[in-house]
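Structure first, then comments.
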Amino acid sequence: MPTGYQIKDQYAAYYLTFQVVFWVDIFTRKQYRDIVIDSIKYCQQNKGLTIFAWVIMSNHIHLLARSEMGELSNTIRDFKKYTSKRIIEAINNNNESRKEWMLRLFSHAAKKQNKKGEFQVWTHENHAMEISSNTFIAEKVEYIHNNPVRAGIVKNSFEYLYSSARNYADEKGLLEVELITMPLKTIK
């Protein structure tokens with residue numbers, strides 16, 4: 001069922017949220033976060049994905065991104081499909097203490113959606129919001145970067161490794177980011 005948060009302009013920049021089904025806290029483990037990082041890097045290098053801001057939280061991801069090739073929906077679809085497959089493989093092949101619980105939830109989600117595959121890791125929604133103004137951009141970049149601060153993970157946004165806040169603080173980040181130049185506020 002469409003939510004109204006659809007990607008209509010495939011070249012435009014969007015604020016996106018990718019949520020894990022049932023809010024499973026899968027990204028508390030580095031191995032799963034690294035699957036996401038590697039996949040985003042691939043999309044940047046091979047699919048024309050430009051990232052302006054990003055964060056990986058325990059059960060969701062926020063991106064401010066666009067497609068240089070005008071294929072944002074396809075890139076997101078491929079990203080979700082690939083990371084889902086790799087995450088399920090990692091759960092099955094590593095010593096994951098939550099294996100049975102996670103696979104049961106991912107299987108239930110797939111059955112609930114009458115999905116062809118055995119498991120569903122991501123919800124279908126991307127909560128795509130087209131960037132409409134400089135104010136909107138500033139709000140979303142601030143929200144993305146301060147997500148780990150609000151969650152009590154770090155005191156300062158630039159301390160969180162899995163975020164573009166490091167890039168904006170003139171530090172090396174895990175991903176290449178096209179910086180947006182504007183004054184940004186941080187939570188203290």
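Any residue at all in the range 164-174 that is modelled with pLDDT under 95, buried (at least 19 other Cβ atoms within 10 Å of the Cβ), within 14 Å of residue 62 (Cα to Cα) and touching a Leu at 6+ places or on another chain (Cβ under 8 Å)? No, that holds for no residue. The set of residues in the range 78-97 being part of a helix (DSSP H, G or I) and surrounded by fewer than 12 Cβ atoms within 10 Å (Cβ to Cβ) consists of 89, 92, 93.
Please tell me if residue 100 is modelled with pLDDT of 95 or more, closer than 30 Å to residue 180 by Cα and either surrounded by fewer than 21 Cβ atoms within 10 Å (Cβ to Cβ) or among the basic types (Lys, Arg) (or both).
Working: modelled with pLDDT of 95 or more: yes; closer than 30 Å to residue 180 by Cα: no; either surrounded by fewer than 21 Cβ atoms within 10 Å (Cβ to Cβ) or among the basic types (Lys, Arg) (or both): yes.
No: the conditions fail for residue 100.
Picking from residues in the range 38-51 that are buried (at least 16 other Cβ atoms within 10 Å of the Cβ) and assigned to a helix (DSSP H, G or I), the one that is nearest to the chain's Cα centre (by Cα) is 40.
Would it be correct to say that residue 138 is more than 18 Å from residue 19 (Cα to Cα) and of a type in the set (Gly, Ala, Ser)? For residue 138, the condition - more than 18 Å from residue 19 (Cα to Cα) and of a type in the set (Gly, Ala, Ser) - is met.
Residue count for the range 152-180 satisfying the condition of being under 19 Å from residue 137 (Cβ atoms), touching a Phe, Trp or Tyr at 6+ places or on another chain (Cβ under 7 Å) and outside any helix (DSSP H, G or I): 8.
Filter the range 103-124 down to the residues that are farther than 20 Å from residue 90 by Cβ, modelled with pLDDT of 90 or more and not in a helix (DSSP H, G or I) and list them by number. Of everything in the range 103-124, just one residue is farther than 20 Å from residue 90 by Cβ, modelled with pLDDT of 90 or more and not in a helix (DSSP H, G or I), namely 124.
Can you name the residue in the range 52-74 that is assigned to a loop (DSSP other than H, G, I, E, B) and in contact with a strand residue (DSSP E or B) (Cβ under 7 Å, 6 or more places away or on another chain) and is also modelled with the lowest pLDDT among such residues?
My answer is 68.
So if I check each of 55, 20, which one is in contact (Cβ under 8 Å) with a residue 40 or more places away in the chain, within 15 Å of residue 122 (Cα to Cα) and surrounded by 15 or more Cβ atoms within 10 Å (Cβ to Cβ)?
Details: 55 fails: within 15 Å of residue 122 (Cα to Cα).
Checking each option against the conditions leaves just 20.
Restricting to the range 118-130, what's the tally of residues that are within 14 Å of residue 87 (Cα to Cα) and free of Cβ contacts under 8 Å to residues at least 60 places away in the same chain?
Looking only at the range 118-130, we keep the residues that are within 14 Å of residue 87 (Cα to Cα), and these are 118-122.
This time we only want the ones that are free of Cβ contacts under 8 Å to residues at least 60 places away in the same chain, so: 118-119.
Counting residues in the range 118-130 that are within 14 Å of residue 87 (Cα to Cα) and free of Cβ contacts under 8 Å to residues at least 60 places away in the same chain gives 2.
Whether a residue is more than 22 Å from residue 8 (Cα to Cα) and in contact (Cβ under 8 Å) with a residue 60 or more places away in the chain was assessed, and residue 87 passes this test.
The values are calculated or read from the model by the stated rules, or taken from the named source; none is laboratory data. This is a predicted model, so every value here is computed, not measured. Note that each Cβ is placed from the backbone with ideal geometry, even for glycine, and that neighbours are counted across all protein chains shown.
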